Amino acid sequence: MKGDRNLLQLPHIPLQTKELLPESSGIYYVLDETQKVWYIGQAKNICKRWKGKTHHRIDQLEAQKKTQFTIYYELVSKDKLDEVEKQRIAKYHPHLNESPVKSKKVLPTETLLRETLVAISDFAFILGIEPPRKDIVDSDYDYWWFHKKLLSLDIIHISIDITAFKEKYNFSLGDGKENPLIKASLNSRKTYSSNWESVRYIDVYRLYVNGYAIELHVYDYFYYQEKTQEIRKYHDAKLAGISIKAVTPESLSQMQSETDRQYFHSRLFQRMRPYDADLIGILFNDPIDEDKIKNKITTIREDYKTGKRGYGSRSKKSGTTTVKDLLHKRHIDPQKYSNEGAFRFLRGTDKIGLFVKSFSTDLKRPYKHEKYQWYNDPEDVWHERDLYNSASGYIDYQKIEANSCKFETLYLLASVDRQSWLLVEEYLQDFASVNRLDNGVGYITKFHISPRKWLVPAKVNIKILEVGSGFGIPFGPSDEFPTFEAAKEEIKRRLQASDLPEMKLTFQREKVT
């Protein structure tokens, strides 16, 4: 059933900014863009109920990728919640209240390991098994190597043979840059109970599965491949039921004797014993599509060859036209706002400030209400206060910094590329402006809703095909177009009716990050 006039007049917040919901008791309603009521619930603290991923319906709502949800709320005293909730559900018959909760399917980690092994088995091998590192903890080395979870586990080492990789795919990025292709074998869009872990600047990946740790070395840390390639021999083995080569005991011993022991990784190599049996017991044995997995790297390789991936793939232009060329063509001064008339950011950048309003909230509102006591108060009295974001602006014609509630009008200050803004200013100036400061007007650079979360303005991403690259323009509501949907449609209409070259537009809603 659709929401009626009474429901639609309630205060509301987009699902993307649910952190802005009030910390009060009440009834909440989830509606889509057609005003269809999806869900009705109650909470003693509405904001807390929707915090993070805690709501039991969040997965079902987020699975509707093309549907925009809004949370309406009605403040109700705690003793009336049950009564009012039953009345509202009986009145609106929300779809999800009458359906079972569907949780997101989480796949076992062993399935991820098996999929990875299928992808890399033609150019990878098991080097050996390292005993737990609890006896060799070394404070001189990165914590990642001695993670608490790792210390008591045997570690199965898998190594990538770069030569075999290049031979199989007849392709190289040069200078040992095969990492992104191999790394793609470890990634998946599916949801697993745990994933491959890594750390910056180290081409080693780790997975915990069924009582073991797996460390996969994208490049060889333990020995010089050229030095040991001739003595490296394999036998057929299995890991998690997937066929893969493993270094023979004789080869492992000879390789260890040929390795310089002074380096940290070489010391780990010396501790390894041969791999001779499948140690990962299969508990779930989920089916996997081996052909699809094996074709993944082939597809990625073709993307690198054709320039769809890799260095410069995002900046390759379909033409030679630049934004500056378009400004000249439209008789717009490319130097406008370069010295004055706009808020400037750091020197060395060509960013200027844009003042925008918020679709979701009153920027003058407090971001937190707290109770507190004075230090060493002999009467032990509790006080209450509202905490506000700090804003800058003009009061009594003096530039000051003050609580957001002190200003008559308040904006978010976003940044934008100067020349990109000049190109579309005449069409978007109702929704954003480079100069809105006047007496009684202030701005906030980050509207915090908590110490670590803040509001990010809505944005239209514009890709001009003639230029080949795109840019983003933050925007907010105007008096005539107060909602995101209304502003979006008007911006789209104006840009498509302009004499600008053909373009693609995508819109991002206001969100909390």
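The values are calculated or read from the model by the stated rules, or taken from the named source; none is laboratory data. What you see is a predicted model; the values in this text were computed from it and never measured. We place every Cβ from the backbone using ideal geometry, glycine too, and count neighbours over all the protein chains shown.
Values computed for the structure shown
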{"quantity": "Members of region 409-435 found to be over 19 Å from residue 488 (Cα atoms), surrounded by fewer than 19 Cβ atoms within 10 Å (Cβ to Cβ) and charged (D, E, K, R), listed by number", "calculated": "417"}
{"quantity": "Selection count where residues are in contact with a strand residue (DSSP E or B) (Cβ under 8 Å, 6 or more places away or on another chain) and either under 20 Å from residue 363 (Cβ atoms) or crowded, with 19+ Cβ neighbours inside 10 Å (or both), scope region 448-466", "calculated": "13"}
{"quantity": "Per-region count, region 141-167, residues at pLDDT below 80 and part of a helix (DSSP H, G or I)", "calculated": "2"}
{"quantity": "Residue list for region 221-271, filter: at pLDDT 80 or above, over 40 Å from the mean Cα position of the chain (by Cα) and not in a loop (DSSP other than H, G, I, E, B)", "calculated": "234, 235, 236, 249, 250, 251, 252, 253, 254, 255, 256, 257"}
{"quantity": "Hey, residue 342 touching a Gly at 6+ places or on another chain (Cβ under 8 Å), crowded, with 16+ Cβ neighbours inside 10 Å and modelled with pLDDT under 90 or not", "calculated": "yes"}
{"quantity": "Qualifying residues in region 142-168 (those that are closer than 15 Å to residue 208 by Cβ and of a type in the set (D, E, K, R)) - the one farthest from the chain's Cα centre (by Cα)", "calculated": "154"}
{"quantity": "Test result for residue 68, within 20 Å of the chain's Cα centre (by Cα) and either among the polar types (S, T, N, Q) or more than 24 Å from residue 190 (Cβ to Cβ) (or both)", "calculated": "yes"}
{"quantity": "Strands (runs of 3 or more DSSP E) fully within region 1-81 counting 1 or more residues that are in the same structural domain as residue 94 (by the TED database), of a type outside the set (S, T, N, Q) and surrounded by fewer than 15 Cβ atoms within 10 Å (Cβ to Cβ)", "calculated": "70-75"}
{"quantity": "Sole residue being closer than 18 Å to residue 483 by Cα and modelled with pLDDT of 90 or more, chosen from 27, 13", "calculated": "13"}
{"quantity": "Flag for residue 460 being closer than 30 Å to residue 321 by Cα, hydrophobic (A, V, I, L, M, F, W, C), part of a strand (DSSP E or B) and at pLDDT 95 or above", "calculated": "yes"}
{"quantity": "Pairs with Cβ under 8 Å, 6+ apart, first in region 199-216 and assigned by the TED database to the domain that holds residue 187 and modelled with pLDDT of 85 or more, second basic (Lys, Arg) and assigned to a strand (DSSP E or B)", "calculated": "213/206; 214/206; 215/206; 216/206"}
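Condition check ((1) free of Cβ contacts under 8 Å to residues at least 40 places away in the same chain; (2) assigned to a helix (DSSP H, G or I); (3) out of contact with any strand residue (DSSP E or B) (no Cβ under 7 Å at 6 or more places or on another chain)) across all residues:
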| site | (1), (2), (3) |
| --- | --- |
| 279 | no, no, no |
| 287 | yes, no, yes |
| 292 | yes, yes, yes |
| 296 | no, yes, yes |
